[in-house]
1. Out of (1) more than 16 Å from ligand 1 (Cβ to nearest atom); (2) among the β-branched types (Val, Ile, Thr); (3) at pLDDT 95 or above; (4) outside any loop (DSSP other than H, G, I, E, B), what's the single condition that is false for residue 57?
2. Of 60, 98, which residue is farther than 15 Å from residue 132 by Cβ and out of contact with any strand residue (DSSP E or B) (no Cβ under 7 Å at 6 or more places or on another chain)?
3. Anything in the range 141-159 that is charged (D, E, K, R) and either buried (at least 18 other Cβ atoms within 10 Å of the Cβ) or under 17 Å from the mean Cα position of the chain (by Cα) (or both)? List them, or say none.
4. Quick check on this structure: which one of 218, 247 is small (Gly, Ala, Ser) and within 16 Å of ligand 3 (Cβ to nearest atom)?
5. Taking the range 326-339 as the region of interest, how many residues are in a loop (DSSP other than H, G, I, E, B) and surrounded by fewer than 18 Cβ atoms within 10 Å (Cβ to Cβ)?
6. Criterion first (hydroxyl-bearing (Ser, Thr, Tyr), crowded, with 19+ Cβ neighbours inside 10 Å and away from ligand 1 (no atom under 15 Å from the Cβ)) does residue 200 satisfy it?
7. Quick test of your reading of the structure: residue 292 fulfils all but one of (1) touching a helix residue (DSSP H, G or I) at 6+ places or on another chain (Cβ under 6 Å); (2) part of a loop (DSSP other than H, G, I, E, B); (3) β-branched (Val, Ile, Thr); (4) within 20 Å of residue 224 (Cβ to Cβ). Name the failing condition by number.
8. Can you tell me which of (1) touching a helix residue (DSSP H, G or I) at 6+ places or on another chain (Cβ under 9 Å); (2) without any contact (Cβ under 8 Å) to a residue 12 or more places away in the chain is the one residue 100 doesn't meet?
Amino acid sequence: MSHSLGNGGHMFRKIDRQRTLENLAEPEVDAIRAKLIERRENASLSYLEARESREVTRAFPVEITVPTGDRCNIHCTFCTDRSSRSTSKYSDLSYSKFLEVITYLRPCLDVTSSIALYSWGEPLMNPAYGQMYDEIINTQYGAKIYISTNGILLDDQWAHKLVAYECSVVNVSLNAAVPETHRSLTRSPGFHAIINNLKYLIGLKKQVGCVGPFVSLSFVMVAENILELPNFIDLAAEIGVNVVVVSNLMQLEPKHIYQRIDSKNAEVIKAFQNAQWIAEERGVPLVEFSPTPFSMRQEPGICFEPWYAFKISSNGDVFPCCYCNDVMGNIWKHSFLDIWNGQGYQYYRATVNSPCPPSSCSVCFRKKKYQEEKE
Ligand SMILES: C[S@@+](CC[C@H](N)C(=O)[O-])C[C@H]1O[C@@H](n2cnc3c(N)ncnc32)[C@H](O)[C@@H]1O
Ligand code: SF4
Ligand code: SF4
């Protein structure tokens, strides 16, 4: 039976956690334990193989991105071109196609540590996304399930689903501290709706008394929003998210060059420092998705992505990370092992940490310090 409970202005329906250990029978708990051990062993082996720079690996990927389609309901100016003339480039992945991907990945999904369930689009927009989520959450015990959304469709039904069947991490890409900047960056009036959705989710978590999902709020740094980063941290603290993640702008379209922050500008540096200070004061960790120009000096410039990550885009192309343009293979044409230990991955593993990394790496934020040292 479900009923409503008042809480901080929100009305929550009472929910039962579906998968707490006490709700499971002993054999299911044993199965989860066995899966956890397998996943941990794979991650340990992968780490050792990466440390030894092995070009052919026995470990399977530690992080897998499973595609869900790339349509979106908003047009972020820093994302891939989403103007009306480009709309036809994007589509939802059907549930049947998704199941084919799952079948293809089955052996490695069972041992991987982390599954990102979204593509270069808005996952919650795909009518089949709920089914996709259920399939992963019900079969992949012990894996960290990661989703990223712009938050507009993260309504109370989704909040209940995420809390009841514990999703590990939900990232909400907000990118602005005030509605005006949000509207200007996303061409959407959804700022307040997103904040309300986040507050509902976090309130529900508290009401149920569970730690998951871990909620992160992300911020792609561009010229238009960088000075409001300190206010963004304040907002994140007020909402009660677990972490703020800042990202460097990837130049996906030629016009993005005009959106880059000037990291040598005194006001910009001060904004970043203030944000760090407020984050510490208010107890909201500020994490960098990849080393920012403000912290790059401490980074050794080593990259293990080609040993860890298997990122499948909506058309089936596979990449070893978010920053690389080189396709390692396509799941509709090549077997998993032909890609994972194929020429592309081997080349990346052989060269990524060498003095002559692949060209994508030479402009990558993870390699910046390395490049500087070379100069
Ligand atoms: C492409 S989106 C897909 C998921 C969902 N639509 C969202 O916005 O979270 C994944 C992440 O990439 C980020 N992103 C988009 N364009 C970017 C760019 N040019 N540079 C860096 N990050 C970017 C988004 O802010 C988001 O956090
Ligand atoms: S919401 Fe995500 S996919 Fe959509 S335009 Fe923005 S960054 Fe791109
Ligand atoms: S582009 Fe190269 S250095 Fe950057 S994350 Fe990818 S593999 Fe690593």
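The values are calculated or read from the model by the stated rules, or taken from the named source; none is laboratory data. What you see is a predicted model; the values in this text were computed from it and never measured. Note that we place each Cβ from the backbone using ideal geometry, even for glycine, and neighbour counts take in every protein chain shown.
1. Tallying (1) more than 16 Å from ligand 1 (Cβ to nearest atom); (2) among the β-branched types (Val, Ile, Thr); (3) at pLDDT 95 or above; (4) outside any loop (DSSP other than H, G, I, E, B), residue 57 fails exactly one: (4).
2. Working: 98 fails: farther than 15 Å from residue 132 by Cβ.
Answer to the check: 60.
3. Listed by number, the list holds a single entry, 144.
4. Details: 218 fails: within 16 Å of ligand 3 (Cβ to nearest atom).
Sole residue among the options that is small (Gly, Ala, Ser) and within 16 Å of ligand 3 (Cβ to nearest atom): 247.
5. Start the filter on the range 326-339 by keeping residues that are in a loop (DSSP other than H, G, I, E, B), which leaves 326-328, 331-335.
Subsequent filtering for residues that are surrounded by fewer than 18 Cβ atoms within 10 Å (Cβ to Cβ) retains 326-327, 332-335.
Summing the residues that are in a loop (DSSP other than H, G, I, E, B) and surrounded by fewer than 18 Cβ atoms within 10 Å (Cβ to Cβ) in the range 326-339 gives 6.
6. Values: hydroxyl-bearing (Ser, Thr, Tyr): yes; crowded, with 19+ Cβ neighbours inside 10 Å: yes; away from ligand 1 (no atom under 15 Å from the Cβ): yes.
So residue 200 fits the description; yes.
7. The single condition residue 292 does not satisfy is (1).
8. Status for residue 100: all satisfied but (1).
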